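Asks: This is the structure I want to talk about, given as C-alpha coordinates.
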Amino acid sequence: MKFNISKMDILQSFKSRKFKYGGYATLLTLIVIAALIIVNLVADLIPVRIDLTWNKMYSLSEQTYDVLDNLDKDITIYYVGEQGSVSPLIEEIVNRYTSRNSRIRTDYIDPVRDPITAQKYTKDGSQLSAGGLVVECGEIFRIIRQYDMYNFSQTSSGFQPESLAVEQRLTSALLYVSGAEMPVVYELEGHGETALDYNTRKQMELENFELKGLNLLGLDEVPEDADLLIINAPLRDISEEETEVLKAYLENEGKALFMMDLLIQDLPNFQSLFQVYGVKMTNSLVIEGEQGRYIGGNPLYLLPQYGNHDIVSPIKSNNIPLVVPGGQAIEILETKRNTLTIDTLLSTSEKAFARSATSSQTSLEKQEDDLTGPFPLAVAIEDSIYNLAANESYVTRMVVIGNAGFMSSGWEGSIDLFLNSLNWLHEREETISIRPKPLGVKPLTITDTQLKIYGALALLVIPLACLAAGLTVWLRRRNL
(Lines give C-alpha, C1' and ligand atoms only; values in the text may rest on other atoms or scores of the structure.)
Protein backbone atom coordinates (compact mmCIF):
# COMPACT_ATOMS: atom_id res chain seq x y z
CA MET A 1 0.00 0.00 0.00
CA LYS A 2 1.39 3.39 -0.93
CA PHE A 3 0.78 6.58 1.06
CA ASN A 4 1.04 9.98 -0.55
CA ILE A 5 1.72 12.59 2.10
CA SER A 6 2.28 16.04 0.79
CA LYS A 7 4.28 18.80 2.40
CA MET A 8 1.06 20.72 2.86
CA ASP A 9 -0.47 17.86 4.84
CA ILE A 10 2.53 17.81 7.18
CA LEU A 11 2.38 21.55 7.76
CA GLN A 12 -1.36 21.35 8.29
CA SER A 13 -0.95 18.66 10.96
CA PHE A 14 1.12 21.04 13.06
CA LYS A 15 -1.82 23.40 13.15
CA SER A 16 -4.34 20.83 14.30
CA ARG A 17 -5.92 20.93 17.78
CA LYS A 18 -4.55 17.48 18.57
CA PHE A 19 -0.99 18.66 17.99
CA LYS A 20 -1.53 21.79 20.07
CA TYR A 21 -2.89 19.86 23.06
CA GLY A 22 -0.20 17.19 22.70
CA GLY A 23 2.50 19.84 22.49
CA TYR A 24 1.17 21.62 25.55
CA ALA A 25 1.16 18.34 27.53
CA THR A 26 4.71 17.50 26.42
CA LEU A 27 5.95 20.99 27.24
CA LEU A 28 4.30 20.92 30.65
CA THR A 29 5.88 17.52 31.40
CA LEU A 30 9.33 18.82 30.45
CA ILE A 31 8.85 21.90 32.63
CA VAL A 32 7.86 19.77 35.64
CA ILE A 33 10.87 17.45 35.17
CA ALA A 34 13.22 20.42 34.82
CA ALA A 35 11.73 22.05 37.94
CA LEU A 36 12.21 18.86 39.97
CA ILE A 37 15.84 18.61 38.89
CA ILE A 38 16.49 22.27 39.77
CA VAL A 39 14.74 21.96 43.17
CA ASN A 40 16.84 18.90 44.08
CA LEU A 41 20.07 20.60 43.03
CA VAL A 42 19.24 23.73 45.01
CA ALA A 43 18.09 21.72 48.06
CA ASP A 44 21.47 19.98 48.22
CA LEU A 45 23.18 23.38 48.37
CA ILE A 46 21.02 24.72 51.22
CA PRO A 47 22.40 23.75 54.69
CA VAL A 48 18.94 23.24 56.15
CA ARG A 49 17.58 19.93 57.39
CA ILE A 50 13.94 19.38 58.30
CA ASP A 51 13.21 16.59 60.77
CA LEU A 52 9.99 14.89 59.69
CA THR A 53 10.25 11.92 62.09
CA TRP A 54 7.31 11.63 64.51
CA ASN A 55 9.56 11.63 67.58
CA LYS A 56 11.92 14.37 66.27
CA MET A 57 14.77 11.87 66.25
CA TYR A 58 17.29 14.25 64.70
CA SER A 59 16.16 17.48 66.37
CA LEU A 60 17.86 19.15 69.31
CA SER A 61 16.00 20.72 72.22
CA GLU A 62 16.00 24.40 73.05
CA GLN A 63 18.02 23.57 76.15
CA THR A 64 20.81 22.10 74.01
CA TYR A 65 20.77 25.14 71.73
CA ASP A 66 21.15 27.36 74.81
CA VAL A 67 24.18 25.32 75.89
CA LEU A 68 25.73 25.52 72.40
CA ASP A 69 25.10 29.26 72.10
CA ASN A 70 26.91 29.90 75.41
CA LEU A 71 29.82 27.55 74.66
CA ASP A 72 33.06 29.54 74.36
CA LYS A 73 35.69 26.77 74.35
CA ASP A 74 37.16 24.64 71.58
CA ILE A 75 35.79 21.11 71.79
CA THR A 76 36.45 18.05 69.67
CA ILE A 77 34.00 15.19 69.25
CA TYR A 78 35.83 12.04 68.17
CA TYR A 79 34.12 9.15 66.42
CA VAL A 80 35.65 5.89 67.64
CA GLY A 81 36.41 3.58 64.71
CA GLU A 82 37.48 3.75 61.09
CA GLN A 83 36.63 6.78 59.02
CA GLY A 84 33.26 6.38 57.37
CA SER A 85 32.16 3.68 59.81
CA VAL A 86 30.04 5.98 62.01
CA SER A 87 26.31 5.36 62.19
CA PRO A 88 24.42 7.81 59.91
CA LEU A 89 21.97 8.43 62.75
CA ILE A 90 24.73 9.43 65.19
CA GLU A 91 26.55 11.46 62.54
CA GLU A 92 23.43 13.45 61.65
CA ILE A 93 22.82 14.36 65.30
CA VAL A 94 26.47 15.33 65.85
CA ASN A 95 26.34 17.50 62.72
CA ARG A 96 23.55 19.48 64.34
CA TYR A 97 25.97 20.40 67.12
CA THR A 98 28.83 21.40 64.81
CA SER A 99 26.57 23.47 62.56
CA ARG A 100 25.27 25.40 65.56
CA ASN A 101 28.68 26.24 67.05
CA SER A 102 31.83 26.49 64.93
CA ARG A 103 34.04 25.87 67.97
CA ILE A 104 32.97 22.23 67.94
CA ARG A 105 34.76 20.05 65.41
CA THR A 106 34.79 16.32 64.69
CA ASP A 107 37.57 13.81 64.12
CA TYR A 108 38.23 10.06 64.29
CA ILE A 109 40.10 7.81 66.71
CA ASP A 110 40.82 4.30 65.46
CA PRO A 111 41.92 2.06 68.38
CA VAL A 112 43.08 -0.61 65.93
CA ARG A 113 45.22 1.58 63.65
CA ASP A 114 46.34 4.04 66.32
CA PRO A 115 46.39 2.27 69.72
CA ILE A 116 48.84 4.78 71.22
CA THR A 117 46.44 7.70 70.76
CA ALA A 118 43.52 5.57 71.93
CA GLN A 119 45.40 4.62 75.09
CA LYS A 120 45.13 8.23 76.27
CA TYR A 121 41.40 7.79 76.60
CA THR A 122 41.34 4.56 78.58
CA LYS A 123 39.36 4.89 81.77
CA ASP A 124 39.05 2.52 84.71
CA GLY A 125 41.00 -0.10 82.77
CA SER A 126 38.45 -0.20 79.94
CA GLN A 127 39.27 0.25 76.26
CA LEU A 128 37.69 2.40 73.60
CA SER A 129 35.17 0.46 71.56
CA ALA A 130 34.05 1.14 68.00
CA GLY A 131 30.81 3.06 67.60
CA GLY A 132 31.34 5.30 70.61
CA LEU A 133 32.20 8.97 70.99
CA VAL A 134 34.89 10.87 72.89
CA VAL A 135 34.21 14.50 73.81
CA GLU A 136 37.38 16.44 74.65
CA CYS A 137 38.21 19.97 75.73
CA GLY A 138 41.87 20.52 76.57
CA GLU A 139 42.89 17.72 78.93
CA ILE A 140 39.36 16.95 80.04
CA PHE A 141 37.37 14.29 78.20
CA ARG A 142 34.34 12.07 78.56
CA ILE A 143 33.75 8.76 76.82
CA ILE A 144 30.26 7.94 75.52
CA ARG A 145 30.14 4.26 74.68
CA GLN A 146 27.81 3.01 72.01
CA TYR A 147 25.47 1.29 74.45
CA ASP A 148 25.28 4.51 76.52
CA MET A 149 23.55 6.21 73.58
CA TYR A 150 20.53 3.95 73.97
CA ASN A 151 18.22 2.99 76.79
CA PHE A 152 17.33 -0.69 76.86
CA SER A 153 14.36 -2.66 78.13
CA GLN A 154 14.30 -6.35 78.93
CA THR A 155 11.99 -8.55 76.90
CA SER A 156 11.50 -12.30 76.56
CA SER A 157 14.08 -12.30 73.76
CA GLY A 158 16.67 -10.27 75.67
CA PHE A 159 17.46 -6.57 75.94
CA GLN A 160 16.04 -4.33 73.22
CA PRO A 161 16.76 -0.61 72.63
CA GLU A 162 13.69 1.44 73.53
CA SER A 163 14.93 5.02 73.29
CA LEU A 164 17.77 7.09 71.86
CA ALA A 165 19.79 9.12 74.37
CA VAL A 166 22.45 10.67 72.11
CA GLU A 167 21.45 14.28 72.77
CA GLN A 168 21.11 13.67 76.48
CA ARG A 169 24.60 12.15 76.71
CA LEU A 170 26.30 14.55 74.31
CA THR A 171 24.98 17.75 75.86
CA SER A 172 25.88 16.45 79.31
CA ALA A 173 29.40 15.65 78.07
CA LEU A 174 29.78 19.14 76.60
CA LEU A 175 28.80 20.69 79.92
CA TYR A 176 31.22 18.41 81.75
CA VAL A 177 34.31 19.02 79.60
CA SER A 178 33.62 22.77 79.37
CA GLY A 179 33.89 23.08 83.14
CA ALA A 180 30.28 22.95 84.33
CA GLU A 181 29.81 22.23 88.01
CA MET A 182 29.41 18.69 89.34
CA PRO A 183 26.77 18.86 92.09
CA VAL A 184 27.59 16.62 95.05
CA VAL A 185 24.70 14.37 96.04
CA TYR A 186 24.75 12.55 99.39
CA GLU A 187 22.76 9.34 99.82
CA LEU A 188 21.60 8.86 103.41
CA GLU A 189 22.67 5.60 105.06
CA GLY A 190 22.23 3.88 108.41
CA HIS A 191 18.46 3.33 108.51
CA GLY A 192 18.07 0.35 106.21
CA GLU A 193 17.86 2.54 103.12
CA THR A 194 17.88 0.89 99.70
CA ALA A 195 21.08 1.74 97.84
CA LEU A 196 20.65 3.19 94.37
CA ASP A 197 21.37 0.54 91.76
CA TYR A 198 24.19 0.60 89.20
CA ASN A 199 22.04 1.87 86.35
CA THR A 200 20.74 4.79 88.39
CA ARG A 201 24.25 5.68 89.53
CA LYS A 202 25.45 5.54 85.94
CA GLN A 203 22.62 7.82 84.81
CA MET A 204 23.50 10.29 87.56
CA GLU A 205 27.13 10.30 86.45
CA LEU A 206 26.09 10.98 82.87
CA GLU A 207 24.00 13.90 84.13
CA ASN A 208 27.08 15.28 85.95
CA PHE A 209 26.11 14.40 89.52
CA GLU A 210 28.73 13.13 91.98
CA LEU A 211 27.27 10.60 94.45
CA LYS A 212 28.56 10.00 97.97
CA GLY A 213 27.33 8.12 101.02
CA LEU A 214 26.30 9.89 104.23
CA ASN A 215 25.81 8.51 107.73
CA LEU A 216 24.69 11.25 110.13
CA LEU A 217 25.59 9.28 113.26
CA GLY A 218 27.84 11.50 115.34
CA LEU A 219 27.70 14.44 112.89
CA ASP A 220 26.61 17.91 113.91
CA GLU A 221 25.77 18.98 110.36
CA VAL A 222 25.44 17.85 106.79
CA PRO A 223 28.80 18.17 104.97
CA GLU A 224 29.36 21.64 103.52
CA ASP A 225 29.89 20.34 99.99
CA ALA A 226 26.42 18.74 99.89
CA ASP A 227 24.27 20.16 97.10
CA LEU A 228 21.55 17.55 97.44
CA LEU A 229 20.37 14.80 99.76
CA ILE A 230 18.66 11.56 98.71
CA ILE A 231 16.71 9.55 101.25
CA ASN A 232 15.68 6.29 99.57
CA ALA A 233 13.24 3.90 101.27
CA PRO A 234 14.41 3.97 104.91
CA LEU A 235 13.19 1.03 107.01
CA ARG A 236 13.83 2.74 110.35
CA ASP A 237 13.25 6.22 111.67
CA ILE A 238 15.99 8.82 112.07
CA SER A 239 16.98 9.84 115.59
CA GLU A 240 16.02 13.17 117.15
CA GLU A 241 19.62 14.37 116.75
CA GLU A 242 19.57 13.45 113.04
CA THR A 243 16.22 15.19 112.67
CA GLU A 244 17.68 18.43 113.99
CA VAL A 245 20.67 18.12 111.64
CA LEU A 246 18.38 17.62 108.63
CA LYS A 247 16.11 20.49 109.68
CA ALA A 248 19.10 22.80 110.01
CA TYR A 249 20.34 21.73 106.58
CA LEU A 250 16.97 22.33 104.90
CA GLU A 251 16.48 25.69 106.61
CA ASN A 252 19.81 26.79 105.13
CA GLU A 253 18.57 26.55 101.51
CA GLY A 254 18.87 22.77 101.55
CA LYS A 255 17.68 20.47 98.77
CA ALA A 256 16.40 16.93 99.36
CA LEU A 257 14.63 14.08 97.57
CA PHE A 258 12.60 11.74 99.81
CA MET A 259 11.37 8.41 98.39
CA MET A 260 9.34 6.79 101.15
CA ASP A 261 8.02 3.23 100.90
CA LEU A 262 4.93 2.20 102.83
CA LEU A 263 5.77 0.64 106.21
CA ILE A 264 3.60 -0.89 108.91
CA GLN A 265 5.26 1.19 111.61
CA ASP A 266 5.12 4.96 111.63
CA LEU A 267 8.28 7.10 111.41
CA PRO A 268 7.51 10.01 113.77
CA ASN A 269 10.78 11.91 113.30
CA PHE A 270 10.48 11.82 109.54
CA GLN A 271 6.84 12.89 109.95
CA SER A 272 7.85 15.87 112.08
CA LEU A 273 10.29 16.90 109.36
CA PHE A 274 7.64 16.64 106.62
CA GLN A 275 5.06 18.57 108.64
CA VAL A 276 7.42 21.54 108.88
CA TYR A 277 7.07 21.73 105.09
CA GLY A 278 3.33 21.24 104.91
CA VAL A 279 2.90 17.54 104.09
CA LYS A 280 2.27 14.29 105.90
CA MET A 281 2.73 10.66 104.95
CA THR A 282 -0.63 8.98 105.55
CA ASN A 283 0.95 5.55 106.03
CA SER A 284 -1.80 4.09 103.87
CA LEU A 285 -1.80 2.01 100.67
CA VAL A 286 -3.49 3.48 97.60
CA ILE A 287 -5.94 1.26 95.69
CA GLU A 288 -7.04 2.68 92.34
CA GLY A 289 -10.75 2.34 91.59
CA GLU A 290 -10.82 3.66 88.02
CA GLN A 291 -10.13 1.26 85.18
CA GLY A 292 -7.42 2.47 82.86
CA ARG A 293 -5.52 4.03 85.75
CA TYR A 294 -3.73 0.82 86.71
CA ILE A 295 -2.05 -2.00 84.79
CA GLY A 296 -2.18 -5.78 84.67
CA GLY A 297 -5.60 -5.85 86.27
CA ASN A 298 -3.96 -4.96 89.59
CA PRO A 299 -5.32 -1.75 91.19
CA LEU A 300 -2.16 -1.51 93.32
CA TYR A 301 0.00 -0.87 90.21
CA LEU A 302 -0.94 2.73 89.61
CA LEU A 303 -0.79 4.73 86.39
CA PRO A 304 -0.68 8.19 87.95
CA GLN A 305 -2.00 11.42 86.55
CA TYR A 306 0.70 14.07 85.94
CA GLY A 307 0.52 17.53 87.43
CA ASN A 308 1.66 20.80 85.86
CA HIS A 309 5.28 21.13 86.92
CA ASP A 310 8.71 21.30 85.31
CA ILE A 311 9.58 17.89 86.73
CA VAL A 312 6.78 15.96 85.06
CA SER A 313 5.89 18.16 82.07
CA PRO A 314 8.36 16.45 79.66
CA ILE A 315 7.21 13.01 80.83
CA LYS A 316 3.61 14.02 80.26
CA SER A 317 4.15 15.67 76.87
CA ASN A 318 6.15 12.73 75.52
CA ASN A 319 3.66 10.13 76.81
CA ILE A 320 6.41 8.28 78.68
CA PRO A 321 4.93 5.44 80.76
CA LEU A 322 5.37 5.47 84.53
CA VAL A 323 4.04 2.94 87.04
CA VAL A 324 3.90 3.37 90.82
CA PRO A 325 3.57 -0.06 92.49
CA GLY A 326 2.14 0.12 96.01
CA GLY A 327 1.93 3.88 96.24
CA GLN A 328 1.52 5.66 99.56
CA ALA A 329 -0.93 8.55 99.81
CA ILE A 330 0.46 11.95 100.77
CA GLU A 331 -1.61 14.54 102.60
CA ILE A 332 -1.08 18.25 101.97
CA LEU A 333 -1.80 19.97 105.28
CA GLU A 334 -4.42 22.70 105.33
CA THR A 335 -2.53 24.61 108.01
CA LYS A 336 0.96 25.51 106.80
CA ARG A 337 3.28 28.48 106.40
CA ASN A 338 2.38 30.97 103.67
CA THR A 339 5.98 30.83 102.43
CA LEU A 340 5.40 27.29 101.16
CA THR A 341 4.45 26.37 97.60
CA ILE A 342 3.40 22.74 97.22
CA ASP A 343 2.72 21.33 93.77
CA THR A 344 1.34 17.86 93.09
CA LEU A 345 3.53 15.90 90.66
CA LEU A 346 1.63 12.59 90.57
CA SER A 347 -1.91 11.90 91.69
CA THR A 348 -4.66 9.28 91.60
CA SER A 349 -8.19 9.48 90.25
CA GLU A 350 -11.15 10.50 92.39
CA LYS A 351 -12.22 6.84 92.52
CA ALA A 352 -9.05 5.82 94.35
CA PHE A 353 -9.08 5.01 98.06
CA ALA A 354 -6.36 4.37 100.61
CA ARG A 355 -6.15 1.77 103.37
CA SER A 356 -4.08 1.95 106.53
CA ALA A 357 -0.90 -0.15 106.49
CA THR A 358 -1.99 -1.69 109.79
CA SER A 359 -5.35 -2.88 108.41
CA SER A 360 -5.97 -6.63 108.20
CA GLN A 361 -8.51 -6.17 105.39
CA THR A 362 -7.45 -7.87 102.14
CA SER A 363 -10.41 -6.96 99.93
CA LEU A 364 -9.76 -4.67 96.99
CA GLU A 365 -13.19 -3.12 97.45
CA LYS A 366 -13.54 0.14 99.36
CA GLN A 367 -14.23 -0.31 103.07
CA GLU A 368 -15.81 2.06 105.56
CA ASP A 369 -12.51 3.00 107.22
CA ASP A 370 -10.66 3.64 103.94
CA LEU A 371 -9.66 7.16 102.97
CA THR A 372 -11.34 8.69 99.93
CA GLY A 373 -9.31 9.97 96.98
CA PRO A 374 -7.92 11.63 95.01
CA PHE A 375 -4.46 11.51 96.60
CA PRO A 376 -1.13 13.10 95.79
CA LEU A 377 1.51 10.42 95.24
CA ALA A 378 4.42 12.83 94.81
CA VAL A 379 4.83 16.52 95.58
CA ALA A 380 7.37 19.27 94.94
CA ILE A 381 7.84 21.75 97.79
CA GLU A 382 9.46 25.15 97.67
CA ASP A 383 9.93 27.31 100.76
CA SER A 384 10.90 30.85 99.83
CA ILE A 385 11.73 33.17 102.72
CA TYR A 386 12.56 36.81 102.03
CA ASN A 387 15.30 38.35 104.15
CA LEU A 388 14.58 42.05 104.38
CA ALA A 389 17.99 42.96 105.81
CA ALA A 390 19.91 41.15 103.06
CA ASN A 391 17.29 42.02 100.40
CA GLU A 392 17.27 38.48 99.03
CA SER A 393 15.22 35.30 99.21
CA TYR A 394 16.36 32.00 100.69
CA VAL A 395 14.84 29.01 98.93
CA THR A 396 14.52 25.45 100.21
CA ARG A 397 13.42 22.75 97.80
CA MET A 398 12.11 19.25 98.48
CA VAL A 399 10.56 16.46 96.45
CA VAL A 400 8.59 13.86 98.42
CA ILE A 401 7.46 10.66 96.69
CA GLY A 402 5.28 8.20 98.60
CA ASN A 403 7.00 5.24 96.98
CA ALA A 404 10.49 4.01 96.13
CA GLY A 405 9.49 0.87 94.24
CA PHE A 406 8.84 2.86 91.06
CA MET A 407 12.62 3.02 90.61
CA SER A 408 12.84 -0.74 90.09
CA SER A 409 9.60 -1.11 88.11
CA GLY A 410 11.47 -1.14 84.80
CA TRP A 411 9.31 1.57 83.23
CA GLU A 412 11.02 4.32 81.25
CA GLY A 413 9.40 7.16 83.15
CA SER A 414 10.98 6.03 86.44
CA ILE A 415 14.50 7.29 85.75
CA ASP A 416 13.06 10.43 84.12
CA LEU A 417 11.10 11.30 87.25
CA PHE A 418 14.17 10.67 89.40
CA LEU A 419 16.63 12.70 87.27
CA ASN A 420 14.15 15.51 86.62
CA SER A 421 13.64 15.79 90.38
CA LEU A 422 17.38 16.08 90.99
CA ASN A 423 17.78 18.72 88.28
CA TRP A 424 14.84 20.75 89.60
CA LEU A 425 16.12 20.54 93.16
CA HIS A 426 19.50 21.87 92.04
CA GLU A 427 17.76 24.54 89.96
CA ARG A 428 19.05 23.10 86.69
CA GLU A 429 15.71 23.28 84.91
CA GLU A 430 17.49 23.76 81.58
CA THR A 431 18.49 20.07 81.50
CA ILE A 432 15.13 18.65 82.55
CA SER A 433 13.64 18.53 79.05
CA ILE A 434 16.61 16.80 77.41
CA ARG A 435 15.18 13.33 77.55
CA PRO A 436 15.66 10.23 75.37
CA LYS A 437 13.75 9.87 72.08
CA PRO A 438 11.52 6.76 71.89
CA LEU A 439 12.49 4.30 69.15
CA GLY A 440 9.24 2.37 68.91
CA VAL A 441 6.73 2.73 66.12
CA LYS A 442 3.95 5.12 67.02
CA PRO A 443 0.61 3.41 66.39
CA LEU A 444 -2.06 5.18 64.37
CA THR A 445 -5.20 5.47 66.46
CA ILE A 446 -8.47 6.49 64.84
CA THR A 447 -12.03 6.69 66.11
CA ASP A 448 -15.02 4.86 64.62
CA THR A 449 -16.18 8.10 62.99
CA GLN A 450 -12.79 8.66 61.40
CA LEU A 451 -12.77 5.05 60.21
CA LYS A 452 -16.12 5.54 58.44
CA ILE A 453 -14.95 8.80 56.85
CA TYR A 454 -11.69 7.29 55.59
CA GLY A 455 -13.56 4.23 54.32
CA ALA A 456 -16.02 6.37 52.38
CA LEU A 457 -13.17 8.39 50.87
CA ALA A 458 -11.29 5.26 49.80
CA LEU A 459 -14.26 3.27 48.52
CA LEU A 460 -16.53 5.99 47.07
CA VAL A 461 -15.24 9.55 46.84
CA ILE A 462 -11.79 8.90 45.39
CA PRO A 463 -12.95 6.25 42.81
CA LEU A 464 -15.85 8.47 41.71
CA ALA A 465 -13.55 11.49 41.40
CA CYS A 466 -11.13 9.47 39.26
CA LEU A 467 -14.01 8.22 37.11
CA ALA A 468 -15.34 11.75 36.61
CA ALA A 469 -11.89 13.06 35.70
CA GLY A 470 -11.42 10.22 33.23
CA LEU A 471 -14.77 10.85 31.56
CA THR A 472 -14.04 14.55 31.29
CA VAL A 473 -10.69 13.95 29.60
CA TRP A 474 -12.22 11.32 27.26
CA LEU A 475 -15.06 13.61 26.20
CA ARG A 476 -12.73 16.51 25.53
CA ARG A 477 -10.32 14.42 23.45
CA ARG A 478 -13.24 12.88 21.55
CA ASN A 479 -14.13 16.32 20.25
CA LEU A 480 -10.58 17.25 19.21
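Asks: Assuming residue 216 fulfils every condition listed in (1) on the phi < 0 side of the Ramachandran plot; (2) modelled with pLDDT under 90 apart from one, which condition is it?
Replies: (2)
Asks: State yes or no: is residue 238 more than 22 Å from residue 348 (Cβ to Cβ), more than 31 Å from the chain's Cα centre (by Cα) and either not assigned by TED's automatic domain parsing to the domain that holds residue 327 or not in a helix (DSSP H, G or I) (or both)?
Replies: When the stated conditions are applied, residue 238 passes them.
Asks: Can I ask one more? Can you tell which of 257, 285 is in a strand (DSSP E or B), touching a helix residue (DSSP H, G or I) at 6+ places or on another chain (Cβ under 6 Å) and either in contact (Cβ under 8 Å) with a residue 12 or more places away in the chain or within 27 Å of residue 323 (Cα to Cα) (or both)?
Replies: Selected residue: 257, the only one of 257, 285 that is in a strand (DSSP E or B), touching a helix residue (DSSP H, G or I) at 6+ places or on another chain (Cβ under 6 Å) and either in contact (Cβ under 8 Å) with a residue 12 or more places away in the chain or within 27 Å of residue 323 (Cα to Cα) (or both).
Asks: Out of segment 206-221, which residues are within 20 Å of residue 428 (Cβ to Cβ) and either in a loop (DSSP other than H, G, I, E, B) or out of contact with any Ser or Thr (no Cβ under 8 Å at 6 or more places or on another chain) (or both)?
Replies: 207, 208, 209, 210, 211, 212, listed by residue number.
Asks: Take the residues of segment 74-109 that are more than 23 Å from the chain's Cα centre (by Cα), closer than 14 Å to residue 145 by Cα and not hydroxyl-bearing (Ser, Thr, Tyr): which is modelled with the highest pLDDT?
Replies: The residue in question is 77.
Asks: Still on this structure: Any idea which of 170, 188, 164, 175 is modelled with pLDDT under 85, under 30 Å from residue 256 (Cα atoms) and hydrophobic (A, V, I, L, M, F, W, C)?
Replies: On the way: 170 fails: modelled with pLDDT under 85; 188 fails: modelled with pLDDT under 85; 175 fails: modelled with pLDDT under 85.
Going through 170, 188, 164, 175 in turn, just one is modelled with pLDDT under 85, under 30 Å from residue 256 (Cα atoms) and hydrophobic (A, V, I, L, M, F, W, C): 164.
Asks: Can you name every residue in segment 112-126 that is touching a strand residue (DSSP E or B) at 6+ places or on another chain (Cβ under 8 Å) and either in a helix (DSSP H, G or I) or buried (at least 18 other Cβ atoms within 10 Å of the Cβ) (or both)?
Replies: Result: 117, 118, 121.
Asks: Between a residue in segment 336-357 that is under 18 Å from residue 403 (Cα atoms) and not assigned by TED's automatic domain parsing to the domain that holds residue 323 and any residue that is at pLDDT below 95 and part of a strand (DSSP E or B), which pairs come within a Cβ distance under 9 Å, given they are 6 or more apart or on different chains?
Replies: From residues that are under 18 Å from residue 403 (Cα atoms) and not assigned by TED's automatic domain parsing to the domain that holds residue 323, there are no pairs.
Asks: So for segment 213-228 (the condition being under 26 Å from residue 327 (Cβ atoms) and among the acidic types (Asp, Glu)), does at least one residue qualify?
Replies: no
Residues are listed down the side, and each one gets a yes or a no for (1) under 30 Å from residue 253 (Cβ atoms); (2) at pLDDT 90 or above:
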site: 337; (1), (2): yes, yes
site: 343; (1), (2): yes, yes
site: 352; (1), (2): no, yes
site: 357; (1), (2): no, yes
site: 362; (1), (2): no, no
site: 365; (1), (2): no, no
site: 372; (1), (2): no, yes
site: 383; (1), (2): yes, yes
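Asks: All but one of (1) assigned to a strand (DSSP E or B); (2) in contact (Cβ under 8 Å) with a residue 40 or more places away in the chain; (3) in contact with a Ser or Thr (Cβ under 6 Å, 6 or more places away or on another chain) hold for residue 78; which doesn't?
Replies: Looking at each condition in turn, residue 78 falls short on (3).
Asks: Now for a different question. So in segment 170-200, with the set limited to residues that are surrounded by fewer than 15 Cβ atoms within 10 Å (Cβ to Cβ) and part of a helix (DSSP H, G or I), which one is nearest to the chain's Cα centre (by Cα)?
Replies: Here the residue is 199.
Asks: Checking the conditions here, which among 133, 128 is within 23 Å of the chain's Cα centre (by Cα) and either more than 21 Å from residue 416 (Cβ to Cβ) or not assigned by TED's automatic domain parsing to the domain that holds residue 421 (or both)?
Replies: Details: 128 fails: within 23 Å of the chain's Cα centre (by Cα).
Just one listed residue meets the conditions, 133.
The values are calculated or read from the model by the stated rules, or taken from the named source; none is laboratory data. Remember, predicted model here, so these are calculated numbers, not experimental data. Virtual Cβ from ideal backbone geometry, glycine too; neighbours counted across all protein chains shown.
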